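For reference, the structure discussed in these notes is given below.
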Amino acid sequence: MTAWGIVVAAGRGSRFGGPKHEVELLGRPLWDWARRSLLEGGVSEVVVVGSVPGGVPGGERRRDSVAAGLAVIPEAVSAIVIHDAARPLAGSYLVSRVLERLAVGDVAGVVPGIPVRDTLKQVEGGRVVATIDRAPLISVQTPQAFLANALRKAHAADHGEASDDAMLLERVGELVAWVEGDPANLKVTYPDDLSVLEAMVR
């Protein structure tokens, strides 16, 4: 299975206070950490989408940026791994894990996830109205692996909003599996998150 990767690094970073992909972690930009994780995990080539050296220009929405990356990946590539630049500490083993599960052949996509540990409440205004059963829930991460043909077809068939590419496959009836993620695979959302990551890698 020939796999290429897409690192999404085109977000505006409104909650962070500016583009996150430009921020450095121990002297390296976040997007480069994400790119190296994919390469070390078995991906042959990586397309970085965003305003970075050698990068592909991104789109208005996350899915538009992924589509921009798909457009430059050869049709002969059989699998595509999509990863967020905002998750710089995804280990190469996590990339290998999603690719190995995809290679089994019974699904079109694989996502890493962490079972939800906290009690979940549904609220309306200032009131709690229900407790949600957390047993069937996971918190999903990237990198996510997909069969290239299925991913391209899902993008072409569905032009709506999507929080990740697995959602597009789900909406067109493709099967998506999940594997164990990593609690250390944190996403940089706020400036304080960077300090946490720095403490983890020092």
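Around the Cα centre of the range 3-201, unit charges on the Cβ atoms of Lys, Arg, Asp and Glu (plus for the first two, minus for the last two) sum to a dipole of about 200 debye.
Based on the Cβ-Cβ distance from Val72 to Arg117, what FRET efficiency comes out when R0 is 45 Å, to the nearest 0.05? Calculated value: 0.70.
Taking the DSSP beta bridges with both ends in the chain, the antiparallel portion is around 50 percent.
Here, the chain yields an orientationally averaged convex hull projection of 12.3 nm² when only Cα atoms define the hull. If you rank Leu99, Leu30, Leu137 by fewest surrounding Cβ atoms within 10 Å, what's the result? By the 10 Å Cβ count, ascending, the order reads Leu137, Leu99, Leu30. Ignoring everything except DSSP H segments at least 4 long, calculate the 222 nm mean residue ellipticity for the chain; use -39,500 (n - 2.57) per segment, divide by total residues, nearest 500. It comes out at -8500 deg cm²/dmol, rounded to the nearest 500.
Based on the Cβ-Cβ distance of Glu45 and Ser92, what FRET efficiency does E = 1/(1 + (r/R0)^6) give at R0 = 22 Å, to the nearest 0.05?
0.90
A straight chain from Ala103 to Asp193 at 0.36 nm per residue would run longer than the Cα-Cα distance by 29.0 nm.
Values quoted throughout were computed directly from the atomic coordinates according to the rules given, and no laboratory measurement underlies them. Being a predicted model, the structure only gives us computed values, none of them experimental. Cβ atoms come from the backbone with ideal geometry, glycine included; neighbour counts cover every protein chain shown.
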